[in-house]
2 protein chains.
Amino acid sequence: MKIEVLKENLKSGLIISERIVGKNISLPILHNVLITTENNFLSLISTDLEVTIKLWMLVKIINKGSVVVPAKFLSSFITSLPNEKITMEQRDQSLYIECGNVKTKIQGHNLEDFPIIPEFKNTETLEVDSQALYGAISQVVDIASQNQGRPEISGVYFSFLKNSIKVVATDSFRLAEKNIHLSEPIKKEHSFILPQKSAREIMNILEGRGGAVIIYFSPNQVLFEVLMKEVGHPEVQVTSRLIDGEYPNYQDIIPSKFKTHITVSKDQFLNQIKTASLFSGKVNEVRISLSTEKQDLEISSKSQDVGEHTSLLKAKIEGEAIQISFNYKFLMDALLHMKSSEVILEISKEDGPCLLRPLGDDSYICVVMPIKSLQ
Amino acid sequence: MKIEVLKENLKSGLIISERIVGKNISLPILHNVLITTENNFLSLISTDLEVTIKLWMLVKIINKGSVVVPAKFLSSFITSLPNEKITMEQRDQSLYIECGNVKTKIQGHNLEDFPIIPEFKNTETLEVDSQALYGAISQVVDIASQNQGRPEISGVYFSFLKNSIKVVATDSFRLAEKNIHLSEPIKKEHSFILPQKSAREIMNILEGRGGAVIIYFSPNQVLFEVLMKEVGHPEVQVTSRLIDGEYPNYQDIIPSKFKTHITVSKDQFLNQIKTASLFSGKVNEVRISLSTEKQDLEISSKSQDVGEHTSLLKAKIEGEAIQISFNYKFLMDALLHMKSSEVILEISKEDGPCLLRPLGDDSYICVVMPIKSLQ
C-alpha cells in the first residue's frame, strides 16, 4: 500500500476511529485500526466487537494494500504533524510515513489477527433526518439503566411504527420517550434495543451533520450509514449488535389521569432545585409543596449535618394542593433535556408516577417516580 | 453578626478562600472559613496551617460578630443564588441566609476550634509590581522538585539583591531563574524559600491584577499583600511559612563556556520535540544531532515497541557539530516558559549542562542536564 492524503482528512477520520478503541486488555489487537485501500478511497475500520465503525476518505492511491496499526498512537502522531500532504507506505507489517521534513516508521501487526468484520446482509432500510435522530438519542440516552442485571433496559429502545419512530430509555425509576414524526409511512414495523454505548457513538457521529441517515435492519444487528456529500459513497457506517430480550411494556406506566397540573419556568425551576440539592442529604430528597391559593411552589430540603433550605417559585397551578418528594437528580435530568422556556409537571398522586413535558412540544415526555419523604 | 452583601462580591471572595481548604482529614475544622466583621469590612480567613489567606470586602454591617462555616459548601451555595443582595445573620453557631425568595440555615462550628492565625510582626517591607512577580513565579514554579526528600529544593527560592529579585527553582535535573529588575535599590538583602503550593496561591491571586504587591519579611514566614484600589485598605493577604534550610549554590552549575550556539524557532522546535516524544520510549529520550554544514537540527527518537522517527529543523548553528540527548519533558517545559519567537540553546559538552534562553531577553534562563543516550 502507498497513498497520499491530506493531514486534516486523515486526522478527522482517526478521531472517530479511535473513540471505540483501546479498553480491551485481553484482546490487544482491538487497539488497532485496519487501514485498507478501496477503489479511490482509504477505509479505516475499528471495532470493540460490540460496535464497529468503518469510514472512508478520498485519497490518492499509488499502490493497493492494507495495514494494521495502533489507532490512538497513529491519531496522536498524525495530529502532531504540520498541515501538509502525508505519504503513507506499508512495507511488511510496518507503516512508513513522510510529511515535510518528517520520516517515521510505525510498528504494525499481522493483518490476520484483526477480527473479520461480518458483511451486513441488509433486508430493509429506512432514511431518517440525521438531526432528528441525533436530537432523539441525546434526549433519552443518559436515562438508560446502568444496571447490567437487566440488560433489556440498559439500552435505548427504538420502535418504528407507521408514521413515527419512538426512541425510549428507562432505568425503572424514570423514563424518557421522544417521538420522531415521519413524513412518509414505514412499510414494515420494526423494533430493537441498541446498547447505550452504540447509541452514544451514533450521536457523536451525527452531531452537527446535515442530510439523512440510512438505517439497515437485520435480526441481530443494525447499521447506521451516513453518505459523503455529492459523492453518494458511504462516509461512515456504524454497525452495532442489538440487545437480546423484550423491552418492558412501558406505555402502561405512563400516567394519563392527574390531580394537579403545574406550569413553571424551566430555568428557574432547575436553578432552585440545584440550590436545594446542596441540602438534600444522602437520599437526594427535594420536597415540593404546592399552594394553589398563592400559586407558588415551595422547594425545600434538609440535612442534619449541613442545614436546611426553602425557596419559593411562582407557578400556574391547577387542581389539588399536594406535597411530593423527588430525587433531585431525576428532576434535573428531565429538565435539562427540555428545550422550552416553560415546562409542565403533572402529578397523579403523592406516591405515583409524575409526567414532565416541555410546554408546546408533545413529542417528548419524561416520567419520574417520586420518593418517600424522610422529612 | 448581621450583614448585607452583594452576591458577586461574596462569591469572588469565597472562590479564593476555598482553594486552600478541604484536604486535611485529621483536622476537619480547616475545611471551614472564619467570617468576621471588621469596621466596614467583612473578612474571610482560611488556612491549611502552611498558607493562610485573609481577604476583605466592603459590606453593610448591621451587627458585629463572627461565624465559622464549611468553606466549599458555602461557596457552592452562594454561587447557586440569584445575582441579588444577600442578608447573612449568625445566631449561635449557625449562619442564616436570605436572598430573594430563598431562606437557608447553614450549620456552623465553634469559633474556638478555628486555629488562631498569628499576627504578623513585620520588620521590613518591599513593594514589587504585581505582574512582574506573577510572571516570575509562573516561569519557574513548575520546575521545583516534587521530591520531599530534599525540602530545600521543593520550594521557590527568592533572593532580594541590591537592584533585582532573583526567582529560582530546580529539581536538580534542570533549573530556571528569572530576574526582576528593581528601579529603586533595596535597603537590605533578603532571601527565602517559599513552598511551591504557597507560590501557586500567590500566582493565582495576582493573575490579571494591576498595581503593587507589598512583601513583609520575617524570619520564619512571609506575607504578600494586595491593596484595594482607591481605598488603601488591604484586599488580600497571603501568609506562608518558609522552608527551612539553605538553597544550593545554584550559580555554580550555570555553564558559561559553550562549544555550540543554536538559534531556532521556538514553536517549530517545540512541535517537533512533541512529535518525537511519541517515539521516545521509557527514558523519554529525544536525540538532537547538529549539522553545521546544512545548518539544521535532526531530532530523532526510537522505541522498539512503537517505531522510529526523525525530523529536520532549520537553525542558525555556530561552533562544533554535536549529538546530544535530552529528556523531552525537560526541553518542552523550558520552551513552554519562553515568550520569544526564537530561542537560544547553548551546549557546553555532550554530558554537561545546557543553557536555554529566549532570544532578546536576558532576564530568564533555563539550565537542562542532558541524558546518556540509549540509541
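The values are calculated or read from the model by the stated rules, or taken from the named source; none is laboratory data. Being a predicted model, the structure only gives us computed values, none of them experimental. With ideal geometry, Cβ positions are generated from the backbone for all residues, glycine too; neighbour counts draw on all protein chains shown.
Which is within 14 Å of another protein chain (Cβ to nearest Cβ) and surrounded by 14 or more Cβ atoms within 10 Å (Cβ to Cβ), of A:T52, A:T36, A:T104?
Criteria check complete, one pass: A:T104.
Scan the range B:15-23 and give yes if some residue there is outside any strand (DSSP E or B), surrounded by fewer than 16 Cβ atoms within 10 Å (Cβ to Cβ) and either out of contact with any His (no Cβ under 6 Å at 6 or more places or on another chain) or within 12 Å of chain A (Cβ to nearest Cβ) (or both), otherwise no.
Yes.
Do any strands (runs of 3 or more DSSP E) entirely within the range A:218-337 hold 1 or more residues that are within 14 Å of another protein chain (Cβ to nearest Cβ), crowded, with 16+ Cβ neighbours inside 10 Å and modelled with pLDDT of 95 or more, and if so, which?
Of the strands (runs of 3 or more DSSP E) lying wholly inside the range A:218-337, those with at least 1 residues that are within 14 Å of another protein chain (Cβ to nearest Cβ), crowded, with 16+ Cβ neighbours inside 10 Å and modelled with pLDDT of 95 or more span A:260-265, A:285-291, A:296-303, A:307-314.
Here are the criteria: (1) within 14 Å of another protein chain (Cβ to nearest Cβ); (2) in a strand (DSSP E or B). Tell me which single one B:I78 does not satisfy.
(2)
Being over 28 Å from A:I137 (Cα atoms), touching a residue at least 40 places away in the same chain (Cβ under 8 Å) and touching a strand residue (DSSP E or B) at 6+ places or on another chain (Cβ under 8 Å) is true for just one of A:K349, A:K316. Which residue is that?
On the way: A:K349 fails: touching a strand residue (DSSP E or B) at 6+ places or on another chain (Cβ under 8 Å).
Going through A:K349, A:K316 in turn, just one is over 28 Å from A:I137 (Cα atoms), touching a residue at least 40 places away in the same chain (Cβ under 8 Å) and touching a strand residue (DSSP E or B) at 6+ places or on another chain (Cβ under 8 Å): A:K316.
Identify, please: which residue in the range B:81-101 is in contact with a Cys (Cβ under 9 Å, 6 or more places away or on another chain) and within 10 Å of chain A (Cβ to nearest Cβ) and is, among those, surrounded by the most Cβ atoms within 10 Å (Cβ to Cβ)?
Checking each candidate, the answer is B:L81.
How many residues does the range A:272-310 contain that are among the aliphatic types (A, V, I, L, M), without any contact (Cβ under 8 Å) to a residue 40 or more places away in the chain and closer than 16 Å to A:L335 by Cβ? I'd like the intermediate steps shown before the answer.
The initial filter retains those residues of the range A:272-310 that are among the aliphatic types (A, V, I, L, M), namely A:273, A:276, A:278, A:283, A:286, A:288, A:290, A:297, A:299, A:306.
With the extra rule that they be without any contact (Cβ under 8 Å) to a residue 40 or more places away in the chain, the set shrinks to A:278, A:288, A:290, A:297, A:299, A:306.
So of that shortlist, the ones also closer than 16 Å to A:L335 by Cβ come out as A:288, A:297, A:299.
Result for the range A:272-310: 3.
Just wondering, is there one or more residues in the range A:120-130 that are closer than 23 Å to A:S66 by Cα and away from chain B (no Cβ under 14 Å)?
Taking the range A:120-130 first, the residues closer than 23 Å to A:S66 by Cα are A:120.
Now drop any that are not away from chain B (no Cβ under 14 Å), which leaves A:120.
The answer is yes, given that some residue of the range A:120-130 is closer than 23 Å to A:S66 by Cα and away from chain B (no Cβ under 14 Å).
Only residues that are assigned to a helix (DSSP H, G or I) and in contact with a helix residue (DSSP H, G or I) (Cβ under 9 Å, 6 or more places away or on another chain): list them for the range B:96-134, please.
Residues of the range B:96-134 assigned to a helix (DSSP H, G or I): B:111-113, B:130-134.
Answer for the range B:96-134, where residues must be assigned to a helix (DSSP H, G or I) and in contact with a helix residue (DSSP H, G or I) (Cβ under 9 Å, 6 or more places away or on another chain): B:D113, B:S130, B:Q131, B:L133, B:Y134.
When the range B:159-195 is examined, which residues are found to be out of contact with any Lys or Arg (no Cβ under 8 Å at 6 or more places or on another chain), in a strand (DSSP E or B) and free of Cβ contacts under 8 Å to residues at least 24 places away in the same chain?
Once the filter is applied, which keeps residues that are out of contact with any Lys or Arg (no Cβ under 8 Å at 6 or more places or on another chain), in a strand (DSSP E or B) and free of Cβ contacts under 8 Å to residues at least 24 places away in the same chain, the range B:159-195 yields only B:S164.
A:K54 passes all but one of (1) closer than 16 Å to B:G307 by Cβ; (2) part of a strand (DSSP E or B); (3) in contact (Cβ under 8 Å) with a residue 60 or more places away in the chain; which number fails?
Every listed condition holds for A:K54 apart from (1).
Would a scan of the range B:143-151 turn up a residue that is in contact with a helix residue (DSSP H, G or I) (Cβ under 6 Å, 6 or more places away or on another chain) and not in a strand (DSSP E or B)?
For the range B:143-151, residues in contact with a helix residue (DSSP H, G or I) (Cβ under 6 Å, 6 or more places away or on another chain) and not in a strand (DSSP E or B): present.
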